[in-house]
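The values are calculated or read from the model by the stated rules, or taken from the named source; none is laboratory data. For clarity, every value in this text was computed on a predicted model and none was experimentally measured. Cβ sites come from the backbone with ideal geometry, for glycine too, and all protein chains shown count toward neighbours.
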Amino acid sequence: MKRFTNILKKIGPLPLILAVIALIIIIIAGTSFSGHVASHSLWSAVVASVTSAILGASAWFGNNYGMGIIVFTILIRFLILPLMVYQIQSMMKMQIVQPALKALQSKYPGKDTESRQLMMAEQQTLYKDAGVNPFASMLPLIVQMPVLIALYQSIYNSQVLRSGKFLWLQLGHNDPYYILPILAALFTFASSWLSTQATPEQNGMTKAMPYIFPVVIFFSAIAVPSALSLYWVVGNLFQTIQTFFLQNPFKIRRQRELELQKERDMKRKIKKAKRSTKR
């Protein structure tokens with residue numbers, strides 16, 4: 001309980017308040033929908049809740065189902081904002097302990113079971129002392145996957161959403177002009193690039209991520225109904241803006257450069273003091 005309280009304190013009150021407000025609006029949207037969405041199991045009840053929330057939000061815009069999906073996506077993003085803040089904080093702490101992790105790998109170069117176990121034990125101690133959760137980066141994805149699946153099933157099960165139109169799109173069909181897949185890929189690249197630019201030490205996989213993810217998203221968005229592509233476009237745009245404000249690489253780089261400059265100045269002063277002492 002104490003650990004959970006500490007995590008909430010680190011996240012801060014604003015993301016938590018925004019998440020609560022988003023949850024309240026989602027509930028209001030779902031309960032304001034006057035129609036009936038059938039559910040026969042726990043999972044179908046989740047799908048029905050997503051469908052009701054989208055249709056309820058759509059009613060606020062004159063049954064514009066595209067706007068309903070956009071509003072629902074933004075609300076979901078605000079709902080998981082505390083997890084995103086926690087993820088970014090953990091990633092930044094992970095960057096700080098990277099030199100210590102490399103030292104551990106050098107300390108235990110062997111591939112035998114005993115060496116692996118000793119290294120893992122010391123890694124866990126290092127993570128605990130630094131307040132790092134190596135699995136924190138998975139939390140937003142774990143939360144979003146059920147939402148994405150529920151959204152797909154909502155479109156598939158709801159004749160209203162499947163036949164709904166938004167701008168040039170028919171929400172139950174693919175984007176005929178590939179505009180949404182291209183936008184989804186571009187915003188994925190932007191958010192991934194911003195995130196990796198804040199990382200001081202990059203391996204081959206880290207450098208490749210901003211280029212691999214957009215390709216995956218592009219071809220995925222081509223293959224799914226445009227309602228899902230719209231969800232990705234809005235969600236990735238939100239994430240790009242979020243990454244810029246929470247993990248601004250330009251600000252982080254300036255801070256690192258200032259710290260390095262301070263270290264260099266300190267070393268010069270020490271060298272100068274030693275020379276003066278010798279004289």
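Matching residues to (1) of a type in the set (A, V, I, L, M, F, W, C); (2) modelled with pLDDT under 75; (3) in contact with an Asp or Glu (Cβ under 9 Å, 6 or more places away or on another chain):
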{"position": "Ser41", "(1), (2), (3)": "no, no, no"}
{"position": "Ser52", "(1), (2), (3)": "no, no, no"}
{"position": "Leu55", "(1), (2), (3)": "yes, no, no"}
{"position": "Asn64", "(1), (2), (3)": "no, no, no"}
{"position": "Gly68", "(1), (2), (3)": "no, no, no"}
{"position": "Leu79", "(1), (2), (3)": "yes, no, no"}
{"position": "Leu101", "(1), (2), (3)": "yes, yes, no"}
From the options Ser44, Ser52, residue that is surrounded by 15 or more Cβ atoms within 10 Å (Cβ to Cβ), touching a Phe, Trp or Tyr at 6+ places or on another chain (Cβ under 6 Å) and part of a helix (DSSP H, G or I): Ser52
Test: residue in the range 167-180 that is surrounded by 17 or more Cβ atoms within 10 Å (Cβ to Cβ), at pLDDT 90 or above and within 24 Å of Thr51 (Cβ to Cβ): yes
Any pair with Cβ under 6 angstrom, 6 or more apart, that starts in the range 209-233 at a residue that is surrounded by fewer than 23 Cβ atoms within 10 Å (Cβ to Cβ) and ends at one that is of a type outside the set (Asp, Glu) and not in a helix (DSSP H, G or I): Pro225/Gly172
Residue match in the range 15-38 (condition: assigned to a helix (DSSP H, G or I), buried (at least 16 other Cβ atoms within 10 Å of the Cβ) and touching a Ser or Thr at 6+ places or on another chain (Cβ under 8 Å)): yes
